[in-house]
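Q: Mind looking over this structure? Questions follow.
The values are calculated or read from the model by the stated rules, or taken from the named source; none is laboratory data. Please read these numbers as outputs of a predicted model, since none were measured by experiment. Positions of Cβ are backbone-derived with ideal geometry, glycine not excepted, and every protein chain shown enters the neighbour counts.
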């Protein structure tokens, strides 16, 4: 038996009645369709609390500027940038060499900064005084539409589904989320306009969610710690940008918004990212310099393997529930060769 419950904020839950004790002890199974919270990683991190702890003294991190010697990117923390290079080199999910890495308060802040940077650049190179259209193929992450409409920017305007967008000649911005939120599919740009610009939101392009088939190499790519390691509360994100002028515009916007990001959060993120990399033996270059000190518990299972295993179990349970339901249907995913794991793996979306 199924019923749909409307929550106070408009979110929906589906109640599924089941007699399978392996699923829900014979009671109702509640499926929250609106919000996600990466607490599935809690058990993993609880067991390594001491290994990932950081100690910050009262005399530290007083300055606004963690990197004052870099005139263009003075708000960027070099230690964190090194950690980002390392983990992407390890996983093979993004090209970082020769790119500009920009820190942000989660990828949400970086998304707005990237929109502004691209729209400003387009305005500088065209006489078009209209808003720059922003589109994304349905189904899309609802945050994009909500935040753009909330801003009411003079630079850009939300124009909805990229599949139905009727483009006149001129610039536009397409947002590509891959794997996509909310359906977990692999996405590519829909539009092919010569003046088009693309923001690639790759928050879920990690091996616990999807096979890593090749390193992403796009003009603007967004990542977030909340999806990579589950530490959503730290509000840590980063953009990987090809063009220096675009990167400088993103950095300037972030500086004007908040005079940089919380350095304590990025110190914590640096420690956590290095721990994740230490738990794998794939990174030969790093191993030659600093052999990892890996807790015995994780010698056989790093974070990405743990996450993939837990998500696979949850998808198995969810499919068992869906088979009993006339309301819920789930997509089928095909396996692909994952370069990180070195074998065929099935996608296990975290959404």
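Q: I'd like the full set of residues that are farther than 28 Å from residue 278 by Cβ, in a loop (DSSP other than H, G, I, E, B) and touching a helix residue (DSSP H, G or I) at 6+ places or on another chain (Cβ under 8 Å), limited to region 302-347. Show your work before the answer.
A: Step one: of region 302-347, the residues farther than 28 Å from residue 278 by Cβ are 315-335.
Adding the requirement that they be in a loop (DSSP other than H, G, I, E, B) leaves 324-335.
Once the filter is applied, which keeps residues that are farther than 28 Å from residue 278 by Cβ, in a loop (DSSP other than H, G, I, E, B) and touching a helix residue (DSSP H, G or I) at 6+ places or on another chain (Cβ under 8 Å), region 302-347 yields 328, 329, 330.
Q: Taking the conditions exactly as written (touching a strand residue (DSSP E or B) at 6+ places or on another chain (Cβ under 6 Å) and either buried (at least 17 other Cβ atoms within 10 Å of the Cβ) or without any contact (Cβ under 8 Å) to a residue 24 or more places away in the chain (or both)), does residue 92 satisfy them or not? Walk me through how you get there before you give the answer.
A: On the way: touching a strand residue (DSSP E or B) at 6+ places or on another chain (Cβ under 6 Å): no; either buried (at least 17 other Cβ atoms within 10 Å of the Cβ) or without any contact (Cβ under 8 Å) to a residue 24 or more places away in the chain (or both): yes.
For residue 92, the condition - touching a strand residue (DSSP E or B) at 6+ places or on another chain (Cβ under 6 Å) and either buried (at least 17 other Cβ atoms within 10 Å of the Cβ) or without any contact (Cβ under 8 Å) to a residue 24 or more places away in the chain (or both) - is not met.
Q: Among the candidates 182, 207, 171, which residue alone is modelled with pLDDT of 95 or more, touching a helix residue (DSSP H, G or I) at 6+ places or on another chain (Cβ under 9 Å) and surrounded by fewer than 24 Cβ atoms within 10 Å (Cβ to Cβ)? Walk me through it before giving the result.
A: Numbers: 182 fails: modelled with pLDDT of 95 or more; 171 fails: modelled with pLDDT of 95 or more.
Unique residue meeting the criteria: 207.
Q: Let me confirm something: among 138, 195, 151, which residue is over 23 Å from residue 37 (Cα atoms), under 24 Å from the mean Cα position of the chain (by Cα) and surrounded by fewer than 17 Cβ atoms within 10 Å (Cβ to Cβ)? Don't jump to the end; show me each part of the working.
A: Numbers: 138 fails: over 23 Å from residue 37 (Cα atoms); 195 fails: under 24 Å from the mean Cα position of the chain (by Cα).
After ruling out the rest, the residue left standing is 151.
Per-residue answers, yes or no, for (1) touching a strand residue (DSSP E or B) at 6+ places or on another chain (Cβ under 6 Å); (2) crowded, with 17+ Cβ neighbours inside 10 Å:
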{"position": "97", "(1), (2)": "no, no"}
{"position": "109", "(1), (2)": "no, yes"}
{"position": "116", "(1), (2)": "no, yes"}
{"position": "132", "(1), (2)": "yes, yes"}
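Q: Go through the residues of region 73-81 one by one and say whether even a single one is under 17 Å from the mean Cα position of the chain (by Cα), closer than 14 Å to residue 238 by Cα and at pLDDT 90 or above. Reasoning before the result, please.
A: Of region 73-81, the ones under 17 Å from the mean Cα position of the chain (by Cα) are 80-81.
If we keep only those that are closer than 14 Å to residue 238 by Cα too, we end up with 80-81.
Subset that is at pLDDT 90 or above: 80-81.
Scanning region 73-81, I find at least one residue that is under 17 Å from the mean Cα position of the chain (by Cα), closer than 14 Å to residue 238 by Cα and at pLDDT 90 or above, so the answer is yes.
Q: Note down all Cβ pairs under 9 Å where the first residue falls in region 241-252 and is surrounded by fewer than 15 Cβ atoms within 10 Å (Cβ to Cβ), the second is in a helix (DSSP H, G or I), and they're at least six residues apart or on different chains.
A: Pairs found: 245/117; 245/121.
Q: How many residues does region 313-343 hold that are without any contact (Cβ under 8 Å) to a residue 60 or more places away in the chain and under 18 Å from residue 185 (Cβ atoms)?
A: 7
Q: Still on this structure: Report whether or not residue 277 is in contact with a helix residue (DSSP H, G or I) (Cβ under 7 Å, 6 or more places away or on another chain), at pLDDT below 95 and within 30 Å of residue 61 (Cα to Cα). First the steps, then the outcome.
A: Numbers: in contact with a helix residue (DSSP H, G or I) (Cβ under 7 Å, 6 or more places away or on another chain): yes; at pLDDT below 95: yes; within 30 Å of residue 61 (Cα to Cα): yes.
Against the criterion (in contact with a helix residue (DSSP H, G or I) (Cβ under 7 Å, 6 or more places away or on another chain), at pLDDT below 95 and within 30 Å of residue 61 (Cα to Cα)), residue 277 qualifies.
Q: Also, quick follow-up: Here are the criteria: (1) farther than 25 Å from residue 210 by Cβ; (2) surrounded by 18 or more Cβ atoms within 10 Å (Cβ to Cβ); (3) under 20 Å from the mean Cα position of the chain (by Cα). Tell me which single one residue 156 does not satisfy.
A: (3)
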